[in-house]
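First comes the structure, then the notes that go with it.
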């Protein structure tokens, strides 16, 4: 009897799906009209290693993969760029100066921020279990400026919470302890976060009803 119900359910799902179709939806933002676009290297806060370079290259890879008409030019770090245009900070005047100096119509700026690792304790019902984790928060932001005006044309941010170590204690089981490599964890998260950050520049698929003829 159960198998019969499962079979009927599968048939109904198949019939329901057959009335719809997947269509490709263009990216929400088309970068081709911008022409040359500068890319300032992602900066990092409370992070060590090559995370800034990794985030920059991953961002560049995704954009050029899904925006064939985009022409991105790597400009260097924010400090290097500001020194070249002789500006103390990234304000509207600096953005306009960057456009003139590098001959770009837009400029991407991004940042990766990682919080300090903090312990978190969770206690189960009737104090029969306990979990301890070393948690942190990582966020990534990016902004596209128009160099003609210094105004923001696009911006997006992603914020995730994760842990580097977990300890589980329970009356009914042996203690469980898990530790992750810090650098590998950060690198893996940046890969995923850049992909999420750039969703407006990627085509998507949407299921719609099939037209009736």
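The values are calculated or read from the model by the stated rules, or taken from the named source; none is laboratory data. Keep in mind that this is a model prediction, so the values were computed, not measured. Heads up, the Cβs are rebuilt from the backbone with ideal geometry, glycines too, and the neighbour counts pull from every protein chain shown.
Please verify whether residue 79 is within 30 Å of residue 186 (Cα to Cα), at pLDDT 90 or above, assigned to a helix (DSSP H, G or I) and more than 20 Å from the chain's Cα centre (by Cα), treating the condition exactly as stated.
Values: within 30 Å of residue 186 (Cα to Cα): yes; at pLDDT 90 or above: yes; assigned to a helix (DSSP H, G or I): yes; more than 20 Å from the chain's Cα centre (by Cα): yes.
Criteria met by residue 79.
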message: Can you say whether residue 64 is under 21 Å from the mean Cα position of the chain (by Cα), in a helix (DSSP H, G or I) and either at pLDDT below 95 or surrounded by fewer than 17 Cβ atoms within 10 Å (Cβ to Cβ) (or both), as far as the supplied structure shows?
response: yes
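Residue 145 - would you say it is within 28 Å of the chain's Cα centre (by Cα), more than 23 Å from residue 46 (Cα to Cα) and either outside any strand (DSSP E or B) or at pLDDT 95 or above (or both)? First the steps, then the outcome.
Working: within 28 Å of the chain's Cα centre (by Cα): yes; more than 23 Å from residue 46 (Cα to Cα): yes; either outside any strand (DSSP E or B) or at pLDDT 95 or above (or both): yes.
Considered against the rule, which asks whether it is within 28 Å of the chain's Cα centre (by Cα), more than 23 Å from residue 46 (Cα to Cα) and either outside any strand (DSSP E or B) or at pLDDT 95 or above (or both), residue 145 comes out as yes.
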- request: Output the number of residues of the range 45-59 satisfying the condition of being buried (at least 18 other Cβ atoms within 10 Å of the Cβ) and either modelled with pLDDT of 90 or more or farther than 24 Å from residue 182 by Cα (or both).
  value: 6
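Yes/no per residue for (1) at pLDDT below 80; (2) surrounded by fewer than 16 Cβ atoms within 10 Å (Cβ to Cβ); (3) part of a strand (DSSP E or B):
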position: 159; (1), (2), (3): no, yes, yes
position: 189; (1), (2), (3): no, no, no
position: 192; (1), (2), (3): no, yes, no
position: 211; (1), (2), (3): yes, yes, no
- prompt: Would a scan of the range 116-133 turn up a residue that is touching a helix residue (DSSP H, G or I) at 6+ places or on another chain (Cβ under 7 Å) and at pLDDT below 90?
  reply: no
message: Checking residue 110 against (1) closer than 21 Å to residue 35 by Cα; (2) assigned to a loop (DSSP other than H, G, I, E, B): exactly one of these is not met. Which one?
response: (2)
